[in-house]
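Nothing in this text is a laboratory measurement; each read-out follows from the coordinates by a stated rule. Computed from a predicted model, the values in this text were never measured in an experiment. When we count neighbours, we look across all protein chains shown, and the Cβ atoms used for this are built from the backbone with ideal geometry, even at glycine.
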Amino acid sequence: MRALRIIHSEAATSFGGQEHRLFKKMVAMRELGHHLEVICQPDAELGARLRDAGFLVHTLWMDGLVNIVRGVFAIKKILQAGRFDVLNTHSRQDTLIAATAGRLAKVPLIVRTRHLASPATSLLTYTWLPHRVIAVSDAVRRQLILRGVAPERIDT
């Protein structure tokens, strides 16, 4: 299998279960020979931990309309320069920004990971923006289907 160029995005600034899972996934994928980078906010604990682990960390603010618009164009440049095979987004805000940039940059595969079991509120970040959705459990998958995400687009 050829090594993939994968970039993740995460808007959270705290370091909870979702961020811990992403950190572990990036370390494991790198050990398999893939190239990984991350996009996060400047004050994100995830970014600091990944930087300490030797990953390239891109930072930008993701709150507010001005930062959303700036973010789309900044991430589009990152994606085009990095020639990534996969963009994997992890929360609503970064999906809105990074997946829009990914569509504009023509990233071959945009994946949205759903970590939470609570009902999804923004269907745009599960339907039009990503090509595929990863649900971290069968319960999360069922919740997404109930909200209107096509079952054939969801992997667990």
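Here are the numbers for the structure shown:
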read-out	value
Paramagnetic label zone (point 7 Å from Cα along Cα-to-C-beta, PHE73; backbone N under 19 Å) in segment 81-100	81-82, 96-100
Segment 5-155: relative contact order as a whole-number percent, Cα under 8 Å and 6+ apart	20 percent
Cleavage-rule hits, trypsin sites (Lys or Arg not before Pro), segment 86-132, DSSP coil, Cβ neighbours within 10 Å at most 14	LYS106
Size of charge dipole - the chain - debye, nearest 20, with Cβ of Lys, Arg +1 and Asp, Glu -1, no other charges	460 debye
As computed over the chain, the Cα convex hull volume per residue (Å³)	108 Å³
Two-site label geometry, LEU146 and ARG5: point separation in nm, points 7 Å out along Cα→Cβ	4.1 nm
Zone of TRP128's modelled label, taken as backbone nitrogen in segment 98-116 under 16 Å from a point 7 Å along Cα→Cβ	98-105
